[in-house]
Amino acid sequence: AAELFRWLLVPVAPAEFLGRHWERAPLLVRRGDPGYYAGLFSTADFDAALRRGEVHFGTHLDVTSYAEGVRETHNPSGRALPAVVWDFYQNGCSLRLLCPQAFSPTVWHFLSILQEQFGSMAGANTYLTPPGTQGFAPHYDDIEAFVLQLEGKKHWRVYSPRTDAEVLPQFSSANLTQAELGEPVLETVLEAGDLLYFPRGFIHQGDCLPDAHSLHITVSSYQRNSWGDFLEKLLPAALQMALEEDVEFRRGLPMDYLRYMGVANSDRVDARRTAFVEKVQSLIKKLVDYAPIDAAVDQRAKSFLHDCLPPVLTQSEKAQSVYGFPARWQDEGPCNVDILITKDTEVRLLRHGIVRLCNEESGVMLYYTTENSRMYHKEEPKFLELDPEYTDSIEFLLSSYPNHISVDILPCETLEEKISLATLLFEKGILTTKKPLAQV
């Protein structure tokens, strides 16, 4: 993930980017190398997805236009057939593919690695725009945006947030008019191989020049991933613990507080008001002592794992996991069905970031990503409810990665439990073995 992030920013060093640009200022990288992103995604890949009949208007594809200050969406219903889609394009409409990772193994692989770098969902949209047109009104987004110019070229204007309230906003803006914008802080023409980054809250608009189409992919991350979003998880849990453990939080409010508190009394000088405010402040300070910070982090991680794309496996990973296990129908019956893990079988996690152990009211849960969909939240969160006695074994597997360990040294009480846990995790695609369990 670190290597891919470095490649994305070349020639800017990641440390320089994070220190000077991340959440602060736009970055423009001109490479003069039209083939820099070769193989990531192309108009041919776009066309192939349409021809496979898997793309639907609204769900996967938006048809848009922006002319004379008016932004319109022209989505019909149903499947996005090539004849209809390319007719829209020929008539000056832009095409936004909302989930290219669902149709492109390369984009899926790219984002599945990049999400590890961010510790936050990495998503993408691709935008195909005809020459001399614009598909979207000026606006700002609630994500960190990396624009990768894949084909053609596009004219971009980027504007600073207009007010302090629009710096790193929680939500995207409505469509804005030209009259609401000042002077751009950056204006450029992106050509194939170039990169443009801008933080959430920076207003942007792109339009095509008359002599070339544009295909770009916008990679996004850090949506609702702020300190404030973390505290939204933490503070209710802290308050619940304080109510359970500290009688001061359970004592009743003063009988007469409604007479001297509230907006109508805000200018009133009253010792009772002062005492009330001081009491609230003291309880808030005490609340910190009850904050289950690690548990709140685990809940954020649980949400992140639900957002995650499933890992893309190498051929060797497939061969050493359940995905390459040679169970099949042969000679009128199934063969190679039994997964024979022994005490000497050497195992490890498929990837370090694919699981999270969470202690919850209902028990110990192991959340995992291997059965996620390439479509955002198409599946419910995937988890296993584990016996608490298995907690040490999961932590041992996490700390041992990337080394293989023999099943026999898992810290379970009995050999039967060790084999049972390893088999369960193997069947869910969470564990791989050092050598394939069965040969085809």
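The values are calculated or read from the model by the stated rules, or taken from the named source; none is laboratory data. All values derive from a computational prediction rather than experimental measurement. Heads up, the Cβs are rebuilt from the backbone with ideal geometry, glycines too, and the neighbour counts pull from every protein chain shown. For the accessible areas, the whole protein counts, side chains as well, though only heavy atoms, and no ligand, DNA or RNA atoms are used. Shrake-Rupley method; radii C 1.70, N 1.55, O 1.52, S 1.80 Å.
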Check region 92-102 and report whether any residue there is more than 24 Å from Tyr197 (Cβ to Cβ), under 21 Å from the mean Cα position of the chain (by Cα) and among the hydrophobic types (A, V, I, L, M, F, W, C). yes
Turns out the strands (runs of 3 or more DSSP E) fully within region 116-199 with at least 1 residues that are among the aliphatic types (A, V, I, L, M) and touching an Asp or Glu at 6+ places or on another chain (Cβ under 8 Å) are 144-159
Kindly state which strands (runs of 3 or more DSSP E) lie completely within region 281-380 and contain at least 3 residues that are aliphatic (A, V, I, L, M). 363-368
For region 103-110, indicate whether the set of residues that are in contact with a His (Cβ under 9 Å, 6 or more places away or on another chain), open to solvent by less than 30 Å² (accessible area, probe 1.4 Å), in contact (Cβ under 8 Å) with a residue 40 or more places away in the chain and more than 23 Å from Val70 (Cα to Cα) is non-empty. yes
Only one residue in Gly92, Gly32 is surrounded by fewer than 13 Cβ atoms within 10 Å (Cβ to Cβ) and outside any strand (DSSP E or B). Which one? Gly32
Among the residues of region 414-440, write down those that are more than 13 Å from Leu350 (Cβ to Cβ) and β-branched (Val, Ile, Thr). Thr414, Ile419, Thr423, Val440
One residue is enough: does region 166-173 have a residue meeting the conditions crowded, with 17+ Cβ neighbours inside 10 Å, under 24 Å from Gly123 (Cα atoms), assigned by the TED database to the domain that holds Ser120 and among the charged types (D, E, K, R)? no
Give region 400-416 a look and list any residue that's open to solvent by less than 50 Å² (accessible area, probe 1.4 Å) and assigned to a helix (DSSP H, G or I), or say none. Ser400, Val407
Taking Phe46 and the conditions (1) open to solvent by less than 40 Å² (accessible area, probe 1.4 Å); (2) in contact with a Ser or Thr (Cβ under 9 Å, 6 or more places away or on another chain); (3) farther than 20 Å from Ser220 by Cα; (4) of a type in the set (A, V, I, L, M, F, W, C), which numbered condition does it fall short on, given that it satisfies the others? (3)
So Glu191 clears everything in (1) under 22 Å from Val107 (Cβ atoms); (2) buried (at least 19 other Cβ atoms within 10 Å of the Cβ) except one condition, right? Which one? (2)
Residue check: is Ala48 outside any loop (DSSP other than H, G, I, E, B), over 28 Å from Val189 (Cβ atoms) and among the small types (Gly, Ala, Ser)? yes
Cβ pairs under 7 Å, 6+ apart, first in region 304-323 and farther than 18 Å from Phe426 by Cβ and acidic (Asp, Glu), second at pLDDT 95 or above and open to solvent by 20 Å² or more (accessible area, probe 1.4 Å): Asp307/Met121
Taking the conditions exactly as written (in the same structural domain as Thr129 (by the TED database), modelled with pLDDT of 95 or more, aromatic (Phe, Trp, Tyr) and farther than 14 Å from Tyr127 by Cβ), does Phe46 satisfy them or not? no
Search result, residues across region 122-136 that are under 21 Å from Leu168 (Cα atoms) and either surrounded by fewer than 18 Cβ atoms within 10 Å (Cβ to Cβ) or touching a Cys at 6+ places or on another chain (Cβ under 7 Å) (or both): Asn125
Scan region 348-406 for residues that are among the small types (Gly, Ala, Ser) and under 26 Å from Pro292 (Cβ atoms) and jot them down. Gly353, Ser362, Gly363, Ser393, Ser399
Name every residue in region 203-230 that is open to solvent by 20 Å² or more (accessible area, probe 1.4 Å) and closer than 23 Å to Met121 by Cβ, in order of residue number. Thr218, Ser220, Tyr222, Gln223, Arg224, Asn225, Ser226, Trp227, Gly228, Phe230
Residues in region 411-431: is at least one among the small types (Gly, Ala, Ser), out of contact with any strand residue (DSSP E or B) (no Cβ under 9 Å at 6 or more places or on another chain) and within 27 Å of Phe103 (Cα to Cα)? no
